[in-house]
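All remarks here apply to the structure that follows.
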Amino acid sequence: MARVLVGVKRVIDYAVKIRVKPDKTGVLTEGVKHSMNPFDEIAVEEAAQDVLRTALAMGVDKGIHVEVSGSDYETLQPIHVSKILAKIAQNEKADLVIVGKQAIDDDSNQTAQMTAAVLDWPQATYASKIEKGDKGITVLREVDGGLETIQCKLPAVVSADLRLNEPRYATLPNIMKAKKKPIQKLTPKDLGVDVTPRIQIVSVEDPPTRQAGVILPDVDALVGKLKEGGHI
Amino acid sequence: MSQRIRVTELYKTLLHLGKDWPKGYDFFRKRLHGAFMKNKDEKDPEKIEKMIAHGQYIIKELETLYMLKKYRTLKRRYYKDQ
């Protein structure tokens, strides 16, 4: 039975309007709806399907919650997360690590790549199809201007792209059942990972708002305005 | 399982789905409550059966709606040129 480790991040819900903190150090998170990073949902679905296909188990069997304190969380970077994931992958003897290609809050898109580097495992990023073979896995990747098919040996690190699958909705009975499944709590310290920040956030700003347009009386006025602006 | 239990389960499942409703949970809960209360005096088991089936259909529709909404939002945000 293949052991699959899936990385999951808690992010501000995709439907929430993001607001920047007045002091520009980050975005407001208090009292804001959070949910699972959509790309990680795709990763979970892929892992679940893999296990289902082999008819060995249903869904995810075990959870590991890596607790990071508030102040550390604000400066937590993919380098730290990948070290944590790598350590867990080794401890749990995982054959495959699947994560979402990026989180919708910081859009770093680095965790899978760095995890593979830390473990010195092959990586298959932006997966849109995964097939298991005798020698390993065949992955169809979404690359600039098309698709690329690669083969890699196991163990490996895979990052899920949007079209890999359609994640199922977590139903109420399944959520109740999942409450009985074990969740192990760990801290970065337990895993021997140093989470001292490597970067400093200088400023977080709202995207520029669109400027209001003007209504001109006739074509001559328009031509005049365009000349004024140096467009013609 | 008795019809009564199935109806309460249907209601709970729909309430759970309502938490993700775009116009808010309260909006959804009021409508849902109204829809169930409207048929509270129904006694015919066959008609109740049909209503439960309709409820199950709504569940599937909601799940599909949420999935599509999320997929489209991501597609718009990250895959602009396609």
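The values are calculated or read from the model by the stated rules, or taken from the named source; none is laboratory data. Predicted, not measured: the structure shown is a model, and the values here were computed from it. Here Cβ is always computed from backbone atoms with ideal geometry, including for glycine, and neighbour counts include all displayed protein chains. Calculation scope for accessible area: heavy atoms of the full protein, side chains included, ligands and nucleic acids excluded. Shrake-Rupley method; radii C 1.70, N 1.55, O 1.52, S 1.80 Å.
List of remarks:
- Cα-Cα pairs of chain A separated by more than 28 Å (percent): 42 percent
- Long pairs among A:Lys153/B:Lys75; A:Lys93/A:Lys129; A:Lys17/A:Lys227; A:Lys177/B:Lys69; A:Lys21/A:Lys101, criterion Cα-Cα beyond 29 Å: A:Lys153/B:Lys75; A:Lys17/A:Lys227
- Comparing A:Met36, A:Met176, A:Met114 in a Gaussian network model of chain A (Cα springs below 10 Å), the most mobile by mean-square fluctuation is A:Met176.
- When only Cα pairs below 8 angstrom with a gap of at least 6 residues are kept, chain A shows a relative contact order of 25 percent.
- In a DSSP loop and with at most 11 other Cβ atoms within 10 Å, the trypsin sites (Lys or Arg not before Pro) in region A:96-184 are A:Lys135, A:Lys179, A:Lys180.
- Solvent-accessible area buried by pairing B with A, both sides, nearest 100 square angstrom, 1.4 angstrom probe: 1800 Å²
- Computed over region B:3-78, the percent of Cα pairs more than 14 Å apart is 66.
- Of A:Ala94, A:Ala170, A:Ala86, the residue with the greatest mean-square motion in the GNM of chain A, using alpha carbon springs below 10 Å, is A:Ala170.
- Once C-alpha pairs closer than 8 Å and six or more residues apart are averaged by separation and normalised to the residue number of region B:3-78, the relative contact order reads 38 percent.
- Euclidean distance between Cα centres, region A:30-49 to region A:174-232, Å: 20 Å
- Cross-link partners of B:Lys19 among aspartates and glutamates, defined as those whose alpha carbon lies under 13 angstrom from its own and excluding same-chain residues fewer than eight positions apart: A:Asp13, B:Glu63.
- Average accessible surface area per residue within region B:3-78, 1.4 Å rolling probe, Å²: 74 Å²
- GluC sites (Glu not before Pro) within region B:19-82, DSSP loop, no more than 13 other Cβ atoms inside 10 Å: B:Glu42
- Accessible surface of region B:3-78, 1.4 Å probe, proportion on carbon and sulfur as whole %: 57 percent
- Cα-based reach from A:Lys24 at 14 Å (exclusive), listing aspartates and glutamates while leaving out same-chain residues under 8 positions away: A:Glu74, A:Glu205, A:Asp206
- The GNM of chain A, with springs linking C-alpha atoms under 10 angstrom apart, assigns the highest mean-square fluctuation among A:Ala15, A:Ala178, A:Ala160 to A:Ala15.
- Computed Rg/Rh of region A:77-149, alpha carbon atoms with Kirkwood Rh: 0.98
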